[in-house]
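The structure appears right after this line, and notes come after that.
The values are calculated or read from the model by the stated rules, or taken from the named source; none is laboratory data. Computed from a predicted model, the values in this text were never measured in an experiment. Positions of Cβ are generated from backbone atoms using ideal geometry, with glycine treated the same way; all protein chains shown enter the neighbour counts. For accessibility, only protein heavy atoms count, side chains too; no ligands or nucleic acids. Shrake-Rupley method; radii C 1.70, N 1.55, O 1.52, S 1.80 Å.
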Amino acid sequence: MNPWTVDRGCPASCAAEPDPRVPLAELARRYAALTYALTRAVARGERIAAPAALRTEARAVLGALGVGLEATGAGRLSAGACGTGTLVVANHISWLDVVALLAVEPVTVLAKREVGRWPVIGTLVRRAGTRFIDRDGDPRGLPHTVREVAGVLRSGGSVLVFPQATTWCSAAGGRFRRAAFQAAVDAGAPVRPVTVAYRQNGKPSTAAAFLGTEDFTASLRRVAGARGLTARITVHAPVRGADRRSLAAAAQEAVLAGHRGPERRQATAGTPLPRRAPAGGPAGPGPASGTGVTAWGPPPPDGPTRWIPAPRAPA
């Protein structure tokens, strides 16, 4: 069995319609603002790969869609001064996950190859330096992908991976595949578990989910139509280890703890989310209007990196 082969995930019926919804006039304004944001991002050309530009455009997309952003924990994805990059692993709910995570800190993304063929989005992700993998392809290509990710980590770059390999309506769905964790072991890099969740007016919501065989436009319609939708990113302490099985288990345990446990609002690293861009002009600094609470400021320091021992072989 290919270690990257996807599970079925949640069916599209798990994605709930947003409640409440924005008026039609506001929905039209959001689509116009999104069109402007994407056009500006495409116009950047190869420059969009620069971290500052990538974060700016990710925050502009969130602002255009009226989506708030909250980050708790360390407030950044990379583990800091450790001699290598960081393997960032998160649960997967939606295409919006990537936008929200890049708005916290730009990193290299490992995505399924089909994303690179999407209109407009495919152009942007390729220019941003996304690495691609054939989830259902020849498993003989897997060692090459692991070596490629390990090389990025050794060079000091951080890589975002979704080990569930498909989308689920919450962090509790699906198991973490172990293949990507081998890259962290080979590079001697820390693993940063991250929990992604969505709330609408303070309550858990599946409106942002992109599930099963659902069309992208249906998911986009729900996101753009939701009033008070917020992406909540919970960044956990990094872990290290010499065994991919133990690392995968420890990372999933941390992600699930973030899903189950109480969430304490802290700060998002960097600048505030931009205001949602009007159809004819650029976004400006400041919290996005109508997007709920957004926090920013200096993040708290990481705690010590935890070492995950390899399991003992049976006697």
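Structure summary
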{"quantity": "Total residues in the range 147-175, condition at pLDDT 95 or above, under 21 Å from K112 (Cα atoms) and open to solvent by 30 Å² or more (accessible area, probe 1.4 Å)", "calculated": "1"}
{"quantity": "Scan of the range 215-226 for residues that are out of contact with any strand residue (DSSP E or B) (no Cβ under 8 Å at 6 or more places or on another chain) and more than 19 Å from V120 (Cβ to Cβ), ordered by number", "calculated": "R222"}
{"quantity": "Count of residues meeting criterion [over 28 Å from P193 (Cα atoms) and among the basic types (K, R)] in the range 217-242", "calculated": "2"}
{"quantity": "Residue among T5, T86, T56 that alone is open to solvent by 20 Å² or more (accessible area, probe 1.4 Å), of a type in the set (S, T, N, Q) and either under 13 Å from the mean Cα position of the chain (by Cα) or at pLDDT 95 or above (or both)", "calculated": "T56"}
{"quantity": "Residue check for R227: under 24 Å from V146 (Cβ atoms), among the charged types (D, E, K, R), open to solvent by 50 Å² or more (accessible area, probe 1.4 Å) and in contact with a Pro (Cβ under 9 Å, 6 or more places away or on another chain)", "calculated": "no"}
{"quantity": "Members of the range 59-83 that are more than 30 Å from A25 (Cβ to Cβ), open to solvent by 10 Å² or more (accessible area, probe 1.4 Å) and not hydroxyl-bearing (S, T, Y)", "calculated": "G73, R76, A79, G80, A81, C82, G83"}
{"quantity": "Residues located in the range 179-200, provided they are of a type in the set (D, E, K, R) and under 17 Å from L160 (Cβ atoms)", "calculated": "R192"}
{"quantity": "Hits in the range 25-47 (condition: among the basic types (K, R) and in contact with an Asp or Glu (Cβ under 9 Å, 6 or more places away or on another chain))", "calculated": "R40, R44"}
{"quantity": "Matching residues, the range 202-218, being open to solvent by 40 Å² or more (accessible area, probe 1.4 Å) and either of a type in the set (D, E, K, R) or modelled with pLDDT of 95 or more (or both)", "calculated": "K203, D215"}
{"quantity": "Qualifying residue in the range 216-226 (condition: over 20 Å from the mean Cα position of the chain (by Cα) and more than 13 Å from A16 (Cα to Cα))", "calculated": "no"}
{"quantity": "Residue among R221, R192, R199 that is in a strand (DSSP E or B) and surrounded by fewer than 22 Cβ atoms within 10 Å (Cβ to Cβ)", "calculated": "R199"}
{"quantity": "Number of the exception - R178 against (1) at pLDDT below 90; (2) farther than 20 Å from V107 by Cα", "calculated": "(1)"}
{"quantity": "Filter result for R47 (in contact with a helix residue (DSSP H, G or I) (Cβ under 8 Å, 6 or more places away or on another chain), touching a residue at least 24 places away in the same chain (Cβ under 8 Å) and at negative phi)", "calculated": "no"}
{"quantity": "The range 32-48, residues that are surrounded by 17 or more Cβ atoms within 10 Å (Cβ to Cβ) and in a helix (DSSP H, G or I)", "calculated": "A33, L34, Y36, A37, L38, A41, I48"}
{"quantity": "In the range 89-115, the residues that are over 24 Å from G212 (Cα atoms) and open to solvent by less than 10 Å² (accessible area, probe 1.4 Å)", "calculated": "A103, V104"}
